[in-house]
Amino acid sequence: MKKVAIVVLADTETHEALGRAVNALISAREFIEAGDETTILFDGAGTRWVPELSNPDHDYHEAFNSVREQIAGACSYCSSAFGVKEEVEASGITLIEEYKGHPSLQKLVSQDYQVITF
């Protein structure tokens, strides 16, 4: 069994960014179905995806919900910086502050996760 951490950094402003976010969700689903230990983080501008994908009217809401149990959380600092902290909290996704207000990638690497960014 592999250990994979998928980090969504893509902003919400372009069609290309939507593709990256959707590819992150699809990749996560593939690893989960293969039985791999999978965790998902939203960091940087990627924190903006949490309120977008939490919206039941979003085209990829179901894809988001299909991996929701594996979402470790969203960066607390970046959620504030990108103006979505309240929406992230309202969605029920955990705000992570492990290292200076951010998720700790070092922690994931030290736990033998392969980190993949989108």
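Among strands (runs of 3 or more DSSP E) entirely within the stretch 1-96, having at least 1 residues that are closer than 19 Å to Val115 by Cβ and among the charged types (D, E, K, R) singles out 3-8, 37-42.
Taking the conditions exactly as written (surrounded by 14 or more Cβ atoms within 10 Å (Cβ to Cβ), closer than 19 Å to His61 by Cα and small (Gly, Ala, Ser)), does Ser91 satisfy them or not? Before the answer, list the steps.
Values: surrounded by 14 or more Cβ atoms within 10 Å (Cβ to Cβ): yes; closer than 19 Å to His61 by Cα: yes; small (Gly, Ala, Ser): yes.
It is true that Ser91 is surrounded by 14 or more Cβ atoms within 10 Å (Cβ to Cβ), closer than 19 Å to His61 by Cα and small (Gly, Ala, Ser).
Just wondering, is there one or more residues in the stretch 21-30 that are at positive phi, without any contact (Cβ under 8 Å) to a residue 40 or more places away in the chain and exposed (fewer than 15 other Cβ atoms within 10 Å of the Cβ)?
Restricting attention to the stretch 21-30, the residues satisfying the condition of being at positive phi are none.
No, there is no match, as no residue in the stretch 21-30 is at positive phi, without any contact (Cβ under 8 Å) to a residue 40 or more places away in the chain and exposed (fewer than 15 other Cβ atoms within 10 Å of the Cβ).
Condition check ((1) closer than 25 Å to Ser76 by Cβ; (2) of a type in the set (A, V, I, L, M)) across all residues:
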| position | (1), (2) |
| --- | --- |
| Asp11 | yes, no |
| Leu25 | yes, yes |
| Ala28 | yes, yes |
| Asp36 | no, no |
| Leu41 | yes, yes |
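Close contacts from the stretch 69-83, counting a first residue that is at negative phi and a second that is modelled with pLDDT of 95 or more and aromatic (Phe, Trp, Tyr), with Cβ to Cβ under 6 Å and a gap of 6+ residues or different chains, come to Ala74/Phe42.
The values are calculated or read from the model by the stated rules, or taken from the named source; none is laboratory data. Fair warning: this is a prediction, and the values are worked out from it, not measured in the lab. Virtual Cβ from ideal backbone geometry, glycine too; neighbours counted across all protein chains shown.
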